[in-house]
Amino acid sequence: AEAGLHASTSLTGLAVAVTGGNGLASNYALPAGAALTITPRPVTVTANSGTSVYGDAPVDPGLSATGLAPGEGIGVLTGLSSGFALDAASAAGAYPLAVA
């Protein structure tokens, strides 16, 4: 997984605008410098359950995720896969799926 992919991205030169009120910066005491902290969004990734029929090639049921930012889908999470090593000759039974 790409945890912390943008952890070292620089925000130097980020412009901050004063909004609200009359919008005049002279009405505010603005610090010469400040720190901006962006906290990671807690995301939970789950291997989906699925079924297959013995003799048929099983289909990987894939992954799902909760906690993603609005408008984002599972595709934004790179480097993840479900632990799926079954084939048409796998014996009938229950097999655990894992996120890797």
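The values are calculated or read from the model by the stated rules, or taken from the named source; none is laboratory data. In this text, all values refer to a predicted model and were calculated from it rather than measured experimentally. All Cβ positions, glycine included, derive from the backbone under ideal geometry; neighbour counts span all protein chains shown. Calculation scope for accessible area: heavy atoms of the full protein, side chains included, ligands and nucleic acids excluded. Shrake-Rupley method; radii C 1.70, N 1.55, O 1.52, S 1.80 Å.
Okay, here's what the table says:
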item	result
Close pairs from segment 49-73: first more than 14 Å from Pro96 (Cα to Cα), partner of a type in the set (Lys, Arg) and open to solvent by 90 Å² or more (accessible area, probe 1.4 Å), Cβ under 9 Å, at least 6 apart	Gly67/Arg41; Leu68/Arg41; Ala69/Arg41
Among (1) open to solvent by 70 Å² or more (accessible area, probe 1.4 Å); (2) at pLDDT 85 or above - the single one Gly50 does not satisfy	(1)
Among (1) at positive phi; (2) modelled with pLDDT under 85; (3) in contact with a Ser or Thr (Cβ under 7 Å, 6 or more places away or on another chain); (4) not charged (D, E, K, R), the one test that Gly21 misses	(3)
Members of segment 80-97 that are open to solvent by less than 90 Å² (accessible area, probe 1.4 Å) and closer than 21 Å to Thr44 by Cα	Leu80, Ser81, Ser82, Gly83, Phe84, Leu97
